[in-house]
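See structure below.
Quick note: the coordinates plus some simple rules give every number you see, no bench work behind them. Note that the structure is a prediction, hence the values are computed from the model and not measured. Glycine also receives a Cβ, built like all others from the backbone with ideal geometry; neighbour counts cover every protein chain displayed.
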Amino acid sequence: MNQIEPSDNAPQERKVFRGVIKLYPDISHTNYFCSLCHYFVMTFIFVSVESLQPLLFNQRYGIHPKDAGMQNGYMLLIDIATKCIFAPIVGIMSDKVGRVPVLQVGIILTALSISSMGFAEDIYPQYCISRIQYAIGAITLATIPFLGDYVLDQTKGKASAINVILAAFGALFSATVITKLLTQSFSLKTTYIVVGCSFLCLGLLYTLGLKRGLHFKKERKTYKNAPLRDDLIERSICPYQNIKQIQDEDFDYIDYEKEVRALNQIKQESNCGAAMKIALLAGKNIWIFQGYVTNFLGRGDSILLTLSLQIWSQQFVEDTLNDDDAYKEASIQAQTLSGVTYAVIMVGAIFYGILFEKVSKNKLLFIMFSLTMIGCFLMNFAPNPKSPYTFIIMAILGSGMSGLYTGALYFVNKYAYTEFRGYISGLANVFSVLGILICSFVGGVLQDHWSKIAPFNLFGIMSLLGLILVIWSYYALYQSRSVK
């Protein structure tokens, strides 16, 4: 196996947080901290938009929250279909043009679409058009793989945890801001304008500190403790330094030379279909495959902790309140529960980030899917949004979701082949929005016609599917070693 020989004169990696995070030599501290701002602001926007949508439907379009499940599902179906179309395009463009220009276009488009939502007088076509524009911008924000570009492989577990903490904090901040805006009786139009304009200013500001150019595809000089990188991409696509590390990571079953020849042949075609084929074939790497799985099964929280929790809480509001007051009361209760969950996610991410680098990844996957499944099914026994038992259930759910969050970032950003990272990140986001589609559309229909707790049961079943895939991947690795 070819490997990089360390050089005493080679540039050294940069260290952040006293060496907890190690960056490539061409990445500055400013670059890294601005990428953290990106994850915080991005999650703030996503949660804010999903939290405001039921209020918009209720106040402006006269759709009562208890009947909004199916309508939310229809709108999210449009949203997700748009994301599925544009995710691979954004991934390819970010590899060919550069991360920052593509991100800046996404920020502008997202901010304008959010501001325009407040002026939409009807769902079709005005709000629908704004939602399509928002979907294109949102998938652009989510696809850019800054973690993979900036952080060395050896510390990507901890870096993923930090990103999850920032993302969870962004969700908590969104809940606080939206609740405050509602309690101060700001108009809906003003709320959308404030959120959109704030995001535009903050987003364009932090992009000024991000690394520009195609540095992630240029040949990086060798340096001490460097993992195998782009300059050896034609001979090996393994992102590790030596055979021992490969064996420790359960990677010895992959024929790297065969894989790289196949991927480079497909790359010659230079079209969108070829890019998607490369990303799909990369799933032969069992950990990239798990990255796709965690993205597919681990992103339903954006629905469960916003729309689904809001509609579930609505049934416990006192009948004496009018529709607007009842909605606000249910919104506060739902946001309190989601705040507890995100707080647990932030704490759990620290442990998962450390453990991903030290213990069996299949064991961690088994634990996180089990906790998520148990938390979802326990919601069937939750008495009401204010019960202590409900808070305990949400904490269990958050402890599982924390691992899914961290794993979705960790697997794709660490194991994605550098030359094809944008392609793989784009496909991972396609799987992510497909998972959200199932939770939102199918869950919304079931919530309207079967049970208010249906989306949680659905997500519990999806987590059970994740457990089955973890067991399958474990035996696939075991068999590969037995053959050798």
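Determine, for Asp122, Asp153, the number of other Cβ atoms within 10 Å of each Cβ, and report the residues in order from fewest to most.
Taking fewest neighbouring Cβ atoms as first place, the list is Asp122, Asp153.
On full extension of the chain, what length is gained from Ile85 through Phe316, given 0.36 nm per residue of separation minus the C-alpha to C-alpha distance?
Length gained, Ile85 through Phe316: 79.3 nm.
Taking just the alpha-carbon atoms of the range 11-120, what radius of gyration and Dmax come out, in angstrom?
Every Cα atom of the range 11-120 included, Rg and Dmax give 19.0, 62 Å.
Between the range 111-133 and the range 384-449, how far is it from one alpha carbon centroid to the other, in angstrom?
26
Go through Lys211/Lys284; Lys15/Lys414; Lys156/Lys361; Lys328/Lys386; Lys189/Lys211 and tell me which ones have a Cα-Cα distance over 25 Å in this structure.
Numbers: Lys211/Lys284 31 Å; Lys15/Lys414 18 Å; Lys156/Lys361 14 Å; Lys328/Lys386 15 Å; Lys189/Lys211 35 Å.
Lys211/Lys284; Lys189/Lys211, as the Cα separations exceed 25 Å there.
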